[in-house]
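Please treat every number below as a calculation from the coordinates, not as lab data. Remember, it's a predicted structure, so these values are computed and weren't measured experimentally. Every residue, glycine among them, receives a Cβ derived from its backbone with ideal geometry; neighbour counts consider all protein chains shown.
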C-alpha cells in the first residue's frame, strides 16, 4: 500500500495525496503517448515490472513519489516513461533550457541512463545528454548550453555547470534522484541539497526519488524539498533478489585464488563479474588469471573514463566475458545478461553485498552469486546475513573445488642494494 510520511506539509501543499491507485497490469492502462508506446515495444517490454506497475499510476498524475526498489527491477524505465509523457504534454518555455534533471551517483550509471533514454525515446524529438567528470568539460558544457531536454549527471559536474551558468535550472519541470542511498553513502548529501535548493520551487515541479533502502538520511535530506510524496515499495520481504542463487564457500586464505580459478574455469556463462574490495586485489586477480590463460579486464576508479566506458560497452556487447571490479562498478553496471557474480572478498559494508549481487538476476532473470570467504573476511559475514535476514548456504571447499594453477613467471623482488659500497654492504 502506498503511504506518506508524517512530515510537516509545505505551506502551499496542505495535505498529502489521499489517492489509492491500484497497480497496473499492462502498459495499455496508462494510455501513453503513441511515441512512448512505440519505444516500449522497441525495447521488448511486455508487462510492467512491480516498481513500474506501482509507481507509474502516481507519477503520471504529477505526484511526487519515493520508490523503494532494488537495482535491476525496472525503475529507470519507470521514471523515463514519466519524464517523456510529462515533457510531451507540456510546452517548453525555452528551446535552450533543460526540462528534466536526473541525479545519479556514478558516471557509469549516467551513461547507462542516457543510453536507455535515447532508446526508449527514439520516436520522440526529446534530447538527452549525460554530464560527469573525467571527460571533456567544455564539450559537455556546450551540449547543455546548446539546448537539451533531459540532463543526467553526477552531482559534482551538475554543480559545476550550475555555478558556471552552463546548466540553467529555472526550466526544470521534473527532478529525479536515482539510487539516493548510494549518493549518501558516497558523501553527496551536501551536494544533493545544493542541487535541490537550486531547482524551481517544489510546488511547481515534480520530484521522484528512488532508492534501494529508505532510511533516516534519505528522509532528512530530501523530504523538505518535495511535496509530501507517495511512497511505494517493490522490495520483497527478502531484501536480496529472490531470483539470485546465493552460495558461500569457506576456504583457507592460501587456497583462495585457486578456488576462484576453479569457479571461473567451471562457469559456463557469457558474462562473469568478480568483485574485490581493493584496487590491488583487482589487479592481483587479473594478473593471476592471465597467467593461467584466462583473459579478464580490470575496472577500478583510477582507470581513465574513456577506457572504463569502453570496457563496460564491450562487456555489455559480449566481447568481454570477465570483468574484475571494485565497488565503483557495483551501482553503475546495468546489464541484463550477467550470469555469475563472484565476491572474491566479502564487502565491509553489508549493503554493498546487496548491490553487488543485484548485478545478476536483473529484470526477473535467474542468476548466481558466489562468495569466497577465508579467515580474513569471515568477520564481515554476520552483518550481511543480519541485513538480508537469512543464513547463506555454505560449502567447505575441498581439493575438488580448486583450480589447477599454472606456475607464473612473476619475478621475485630483489632486495635493494645499499648505497656506499659496490658489494651492497653499508659502511
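Grouping the Cα pair distances of the range 52-97 into 10 Å bins from zero gives a pair-distance distribution of 25, 48, 21, 6 percent in increasing distance order.
Average projection, convex hull of the Cα set of the range 244-401: 8.8 square nanometres.
Our summary of shape: the Cα atoms of the range 27-233 have principal axis extents of 43, 38, 31 Å, ordered from largest down, in whole angstrom. What the Cα convex hull of the range 121-248 gives, in volume per residue, is 176 Å³.
Sorted ascending by nearby beta carbons within 10 Å, beginning with the fewest, 79, 380 become 380, 79. As a proxy for reagent exposure, 86, 256, 91, 366 were ordered by neighbouring Cβ count within 10 angstrom, fewest first; the result is 91, 366, 86, 256. Among 353, 223, 137, 161, the order by Cβ neighbours within 10 angstrom, fewest to most, reads 137, 223, 161, 353.
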